[in-house]
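Structure first, commentary second.
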Amino acid sequence: MSDTPLWLDAFPHDYAVAHERTLRGMSKVKERVYYPGARRDGGHDGAWLRITSASGRVWTGVFASDLVGGRLSLVASWPEPSTLFVSVGGGPYLVDTEDPDSWSRIDRPAVRRYDPHADLGLCLLLDDRLAAYDAEGLAWESEHLGPEAEWLGRLDDEVHLRAGALLHRVSLRTGGTVTEPASW
């Protein structure tokens, strides 16, 4: 498993991000911030990202990684234009690119899918539930789907998932979940 997360340009954003894989320990950027904690005195090694905010502030974020197989390893834009989403095998981080001290961790350590729906201003995260986030935070959560729920896709205003012999249809508007026997 690689410690180089994928980049997904999913939502409009006002910052730039670059992976500093080759610059570990030698970053020319003076401000280095370690997560979790937004510490300046060191922390866990992980994904090194050079971040340039809309105002031109340049800093390096070092995000501790768990690198657990099957878990999400992704850097992406978020429904809020100045917020960066970073998931490197554990609970995802949300960081304000203008203020590295303004950060949080989404309490979803087993997240395995990030699915953007920019037309609705929603980002969906899948673990044992489907959760939708908008620019304000958590918008809704589905019923429990189980860790074996497999993403089938979006059809109109629903997301379809399969878990064993069950089909789960989750409303993109409310998170309301209809579970029925799969017909195939």
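Taken together, the values in this text are just the output of simple stated rules run on the coordinates, not laboratory data. None of the values given here were measured: they were computed from a predicted structure. Please note: Cβ atoms are built from the backbone with ideal geometry, for glycine as well, and neighbour counts cover all protein chains shown.
For segment 36-141, trypsin sites (Lys or Arg not before Pro) meeting the loop criterion (DSSP other than H, G, I, E, B) and having at most 11 other Cβ atoms within 10 Å: none. Compared with the alpha-carbon gap, the fully stretched path from LYS30 to GLU180 is longer by 48.5 nm at 0.36 nm per residue. Simple point charges give the picture: +1 on the Cβ of Lys and Arg, -1 on the Cβ of Asp and Glu, and for segment 41-170 a dipole about the Cα centre of about 420 debye. Fewest-first ordering of SER53, SER183, SER171, SER87 by other beta carbons within 10 Å of each residue's beta carbon gives SER183, SER171, SER53, SER87.
On full extension, the segment bounded by LEU6 and ALA110 gains 35.7 nm, given 0.36 nm per residue less the C-alpha separation.
Normalised by the number of residues in the chain, the average gap of Cα pairs under 8 Å and 6 or more apart makes the relative contact order 14 percent. Electrostatic tally near TYR114: other residues with Cβ closer than 13 Å to its Cβ, Lys and Arg +1, Asp and Glu -1, net +1. Here the relative contact order of segment 111-184, from alpha carbon pairs under 8 Å that lie six or more residues apart, stands at 19 percent.
The trypsin sites (Lys or Arg not before Pro) of segment 138-184 meeting both criteria, a DSSP state outside H, G, I, E and B (loop) and at most 13 other C-beta atoms within 10 angstrom of the site's C-beta, are ARG173.
In segment 54-162, Cα pairs under 8 Å separated by at least six residues give a relative contact order of 15 percent. Take the Cβ atoms of VAL58 and ASP134, set R0 to 41 Å, and the FRET efficiency comes out at 0.90. Sequence-ordered 3J(HN,Hα) estimates for segment 78-91 from the Karplus curve with 6.51, -1.76 and 1.60 and θ = phi - 60° stand at 9, x, 8, x, 9, 9, 9, 9, 10, 10, 10, x, x, x Hz, glycine and proline given as x.
Taking other residues whose beta carbon is less than 15 angstrom from the beta carbon of TRP140, and scoring Lys, Arg as +1 and Asp, Glu as -1, yields -4. Restricting segment 75-184 to GluC sites (Glu not before Pro) that sit in a DSSP loop and have at most 10 other Cβ atoms within 10 Å of their own Cβ leaves GLU136.
Remark: LEU172, LEU130, LEU138 ranked as LEU138, LEU172, LEU130, counting other beta-carbon atoms within 10 Å and listing the fewest first.
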